[in-house]
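Student: Quick one: the structure is below, questions incoming.
The values are calculated or read from the model by the stated rules, or taken from the named source; none is laboratory data. Computed from a predicted structure; not experimentally measured. All Cβ positions, even for glycine, are placed from backbone atoms using ideal geometry, and neighbour counts span all protein chains on display. Side chains included, ligands, DNA and RNA excluded: accessible areas come from the protein's heavy atoms. Shrake-Rupley method; radii C 1.70, N 1.55, O 1.52, S 1.80 Å.
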Amino acid sequence: MYMVSGMWYVYATLLGNFDNVISTINEHLHFLGFEIRKAVDESDGLMYYAIVNTKIDDAIKSATDLTPQELAYFKLILQAIVAEGEEGKITYHDCLLLKSKVETTSSNAISGSRADILLQDWIKCRWLSFVSSSSSSSSSKNSANKEKKMLTIGVRTMLELRSYIEDVFEELPKCNLCADPIIMKTIQGTHCSNHKCSYLMHIHCKNRWFQGKKTCKCPQ
């Protein structure tokens, strides 16, 4: 187990016993308004854990120190990603363009350079993620093509802002194994091989479920 951007990544072989420990810890954390949550990053298939605040209504304000205009910009990006339907991703360039849709005045407008800094920070902190984990490199070669690369909702957003995501984007399908929304359905979602079955899963959740099993029987 090791920490990445304030979140714990846990090896799959530890998950069984570890989840029991987390459940016990959460029983003692709830009265403080905190809990340990887990979520899978769709961009790399890894499981992450984080301690999150459960008492603050406006989850985005509690998790960031952005201005109202920058918060609105972040929400527009989330909306644009979800609006792509089963693809669940948009280009870095399209994210930059969304700044022009934020209602601002001349004194608090988001500049192009500020939008670029915000995106880089949100990617670094896992609020957003490049679809390909290898594309997160900061090399000059990758930086030259970053505007063409695809972004999706990051694992930190799924951990800390899950209630916001589920309330605002009710149309998002959910994985029947982990119960998290499936953002990139065409890439990371899979149905049961039985066409009459409605079971929907993340591909990485399906792989974990069938790992070590002799037969691939539908969990349902």
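Student: Checking the conditions here, which among Leu200, Leu177, Leu172 is open to solvent by less than 80 Å² (accessible area, probe 1.4 Å) and either within 14 Å of the chain's Cα centre (by Cα) or under 21 Å from Ile123 (Cα atoms) (or both)?
Tutor: Exactly one of Leu200, Leu177, Leu172 is open to solvent by less than 80 Å² (accessible area, probe 1.4 Å) and either within 14 Å of the chain's Cα centre (by Cα) or under 21 Å from Ile123 (Cα atoms) (or both), namely Leu172.
Student: In segment 78-93, which residues are open to solvent by less than 70 Å² (accessible area, probe 1.4 Å), of a type outside the set (Gly, Ala, Ser) and free of Cβ contacts under 8 Å to residues at least 60 places away in the same chain?
Tutor: Listed by number, the list holds a single entry, Tyr92.
Student: Restricting to segment 98-126, name every residue that is surrounded by fewer than 16 Cβ atoms within 10 Å (Cβ to Cβ) and touching a strand residue (DSSP E or B) at 6+ places or on another chain (Cβ under 9 Å).
Tutor: none
Student: Another one. Keeping to segment 96-123, report how many residues are under 30 Å from Asp44 (Cα atoms) and of a type in the set (S, T, N, Q).
Tutor: Number of matching residues: 2.
Student: Moving on to the next point. For segment 89-114, what are the residues that are assigned to a helix (DSSP H, G or I) and farther than 12 Å from Ala72 by Cα?
Tutor: Correct list: Tyr92, His93, Asp94, Cys95, Leu96, Leu97, Gly112, Ser113, Arg114.
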